[in-house]
Amino acid sequence: MIVLAASAAYVVGAVPVGYLVARLFGVSDIRRRGSGNIGATNVLRTAGRLPGVVTLLGDVAKGWIAVAVAGWVGGNTAGALAVGAVAAVAGNCWSIFLGFRGGKGVATGLGALLRLVPLATLATLPVFLVVVLTTRFVSLGSLLGAACVPFGALALGAPRSAVFGALGVAIIVVLRHHENIARLRAGTERRLGERRGAQAPSP
């Protein structure tokens, strides 16, 4: 049952929302534009605000639904939900519909974690918002927010499987942001609202 739950969550998570939304708004292949990512940030920069918001909400909903489906298939056990969360994010990052390429798992991870450990996830949203609003680095806010969820889940007494599920999601998000981490360290990471080609201000 766990394998079936993971498989179902992976397929739901693999639906390339950003790619489909971008096409709907006239961008033939979002993977060939901007950063090449299918996530909401690149859709926002490439196709505009409305497509970006639609992509964000769609990816969050996709993550939540994927975990709910995994729970339904797996008898709503904590283990099935945890595996479903990790599988949903893996599907988003390595989509079978896009040749095992995809996004970075942030919005899908948010939706998945809202279903898996809702209180811990909501408690860490201010971390993301404060970091993004003060630095305009979406990647940094995403990394710190994702990293905080497993600790929040542990502190709030979530089941052990849920804590490990949240940890698995966080690890995938961090791994998928390795290029962003390198650019953050080099001072070349693009800020939210910054045009391509603009230089990041000196620290």
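All of the numbers you see were taken from the coordinates with simple rules; none came from a lab. Source: prediction; values computed, not measured. Every residue, glycine among them, receives a Cβ derived from its backbone with ideal geometry; neighbour counts consider all protein chains shown.
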**Report entry** Helix-only [θ]222 nm of the chain, DSSP H runs n ≥ 4, -39500 (n - 2.57) each, per residue, nearest 500
**Finding:** -23000 deg cm²/dmol
Query raised in the report: How high is the relative contact order of the chain, given as a whole-number percent (alpha carbon pairs under 8 Å, six or more residues apart)?
Result: 20
Query raised in the report: Quick one: if the Förster radius is 22 Å, what FRET efficiency do R32 and F97 give, using the C-beta to C-beta distance and rounding to 0.05?
Result: 0.85
Report task. Before anything else, pin down the relative contact order of segment 92-176: Cα pairs under 8 Å, at least 6 apart, normalised by residue count, whole percent. Result -> 29
Query raised in the report: Say we join alpha carbon atoms closer than 10 Å with springs in a Gaussian network model of the chain; which of V131, V60, V173 then has the biggest fluctuation?
Result: V131
Report task. Neighbouring Cβ atoms within 10 Å as the yardstick, rank T46, T121 fewest first. Result -> T46, T121
Requested in this report: With +1 on each Lys and Arg Cβ and -1 on each Asp and Glu Cβ, and nothing else charged, work out how big the dipole of the chain is about its Cα centre, in Debye to the nearest 20.
Outcome: 600
Report task. Could you compute the FRET efficiency for L24 and L129, with r as their C-beta to C-beta distance and R0 at 30 Å, rounded to 0.05? Result -> 0.60
Report summary line: Dividing the alpha-carbon radius of gyration of the chain by 2.2 N^0.38 Å, where N counts its residues, gives 0.99
